[in-house]
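Right, one structure below, let's go through it.
Coordinate-derived values only; no laboratory data. Just so it is clear, the model here is predicted, and its values are computed rather than measured. Don't worry about glycine lacking a Cβ; one is built from the backbone with ideal geometry, like all the others, and counts go over all protein chains shown.
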Amino acid sequence: MEEIPFSRPFLAGTEVGYVEQAAGQGRLASGGAFTARCEEWLANATGARRALLSHSGTGALEAAMMLANLGPGDEAIMPSFAYPTMATAVVRQGATPVFVDIDPDTLNIDPEQVDVAVGPRTKAVVAVHYGAVACEMESLLQIVADREDVTLIEDAAHCLLASYRGRHLGSIGDLGTLSFHHTKNVTSGEGGALLVNDPDLCERAEIVWEKGTDRKRFDRGEIDRYTWVDVGSSFAASEITAAFLWGQLEIVEEITARRLAIWNRYHEAFADLEAEGLVTRPKVSDGQEHNGHLYYLILPTPEDRDAFIDALRAQGIAAVFHYIPLHSSPAGLALGRSAGELAHTDGLSRRLVRLPLWAGLDEESISRVIDASRSTAGSGTGFRV
Ligand SMILES: *Cc1c(COP(=O)(O)O)cnc(C)c1O
């Protein structure tokens, strides 16, 4: 029986040709024609004031923490149910991640917990839109509204072409980050972008991007030499990465449509299991336009979840867990702190399983995943241990 991988890139077939074209143009560092095209496309698609292409989503998060001016003694509030580099980006600035609980319906940061945790040391609030379903941005915006020194950052790694009430995710806070990692909807292998929404941060973002220099202004002919003016690093993606990504961006509508179709198939197939109390499906409220980035089920107990993953693996299907909580991880305990109870994070992260979902998943594989999931979740044998 053929293995069904958890994730696999869906290629347009044009990507390598674009890389050759970039090579032929003789500019392989950042800032060539493909970089400009991708950045313009991303700014248009998201509504961000500026999009800066990065070598990774992680790089974009690190740049965001620099722009938020985090330093020793400062704190950044974030969900514990998140990817580790959100926290490392804070720690690298010498600041402290403060972990709060999630809303059990969306697995997104709970604004009430943020409201309690926010204090004089808070310099940033970081939200992850899990599975491209939006956080309660209105509430988060309100919490930071009268705190000019607090930067609101959206980790929109999952969110290309996802919106809430017409606003693209990642374009609502001061800054947003995207990822084009191999597992994301659109990929350049490694890659990412920073979305700059606060106009006051645009100029500094360019400097941080260009290794702390005003090189971008020099490239535009605004100054006659460039020099070191601020902190920064080498966050840019190369032209090779940008060229590959361009091929992917050209088919993003198709990728999204395919993923949404699979997502909807899964969602319908498990409706009766949810009605019987055997699984909980993702909740998507009105006004949410997600992009089919991931499909998960919540099982009744951690033991059920582990047995489910094992049972699917035995049938050649890679289903995986997601986010070991940051607050109880070795580095989280040493370098961060928790605010309030994190009961939902602890409970749900141990009961969640993600199913294979990628644009090239064929009909036969989709049916196999559905059948295996239904029989495992629906059976008493080897499931309820
Ligand atoms: C993938 C991901 C990241 C990291 O992005 P990279 O491009 O792999 O560095 C950060 N946050 C979330 C929520 C992610 O899914």
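Here are the numbers:
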{"read-out": "The range 252-377: C-alpha gyration tensor shape, a/c 1.5 cut-off, then a/b vs b/c", "value": "prolate"}
{"read-out": "FRET E, pair Arg313, His182, Förster distance 30 Å, beta-carbon r, rounded to 0.05", "value": "0.90"}
{"read-out": "Linear extension gain, Ser379 paired with Val320, 0.36 nm per residue minus alpha-carbon span", "value": "19.3 nm"}
{"read-out": "Cross-link reach list, lysines versus Lys211, counting only Cα pairs under 28 Å and skipping chain neighbours closer than eight places", "value": "Lys123, Lys184"}
{"read-out": "Amide proton proximity set for Val128, modelled H, under 5 Å, gap of 5+", "value": "Ile109, Asp155"}
{"read-out": "Cα gyration tensor category, rounded, prolate or oblate, for the chain with a/c compared to 1.5", "value": "oblate"}
{"read-out": "Ellipticity estimate at 222 nm from DSSP helix runs (n ≥ 4, -39,500 (n - 2.57)) divided over the chain, nearest 500", "value": "-11500 deg cm²/dmol"}
{"read-out": "Neighbour-count ranking [beta-carbon atoms within 10 angstrom, fewest first] of Ile317, Ile102", "value": "Ile317, Ile102"}
{"read-out": "Karplus (6.51, -1.76, 1.60) ³J(HN,Hα), θ = phi - 60°, over the range 27-42, in Hz, Gly and Pro reported as x", "value": "10, 10, 6, 5, x, x, 5, 5, 4, 4, 4, 5, 5, 5, 4, 5"}
{"read-out": "Mean separation of Cα contacts under 8 Å, 6 or more apart, over the residue count of the chain: relative contact order %", "value": "23 percent"}
{"read-out": "Estimated dipole of the chain in Debye, rounded to 20 [Cβ of Lys and Arg +1, of Asp and Glu -1, Cα centre]", "value": "620 debye"}
{"read-out": "Separation of the Glu203 and Val16 label points, Cα + 7 Å toward Cβ, nm", "value": "4.6 nm"}
{"read-out": "Residue-span extension gain [Glu250 to Asn44] - 0.36 nm each, minus C-alpha spacing", "value": "72.8 nm"}
{"read-out": "C-alpha center-to-center spacing [the range 1-78, the range 151-178] in angstrom", "value": "14 Å"}
{"read-out": "Thr227-Arg8 pseudo-label distance in nm [points 7 Å out on the Cα-to-Cβ vector]", "value": "5.5 nm"}
{"read-out": "Leading residue at positive end of dipole, the range 15-249 (Cβ point charges), from Gln93, Phe218, Ala63", "value": "Phe218"}
{"read-out": "Estimated FRET transfer efficiency when R0 is 22 angstrom, pair Arg121-Gln142 (beta carbons, to 0.05)", "value": "0.65"}
{"read-out": "3J(HN,Hα) from dihedral phi, the range 308-315, Karplus parametrisation 6.51/-1.76/1.60, rounded to Hz, x for glycine, proline", "value": "4, 4, 5, 5, 5, 4, 4, 9"}
{"read-out": "Nonlocal amide H pairs with Cys159, under 5 Å, H built at 1.01 Å", "value": "Ser179"}
{"read-out": "With at most 12 other Cβ atoms within 10 Å, longest stretch of the chain clear of loop GluC sites (Glu not before Pro) (DSSP)", "value": "4-147"}
{"read-out": "In order through the range 290-305: 3J(HN,Hα) via Karplus (6.51 cos²θ - 1.76 cosθ + 1.60), integer Hz, x for Gly, Pro", "value": "8, 10, x, 5, 8, 10, 10, 10, 9, 9, x, 9, x, 5, 4, 4"}
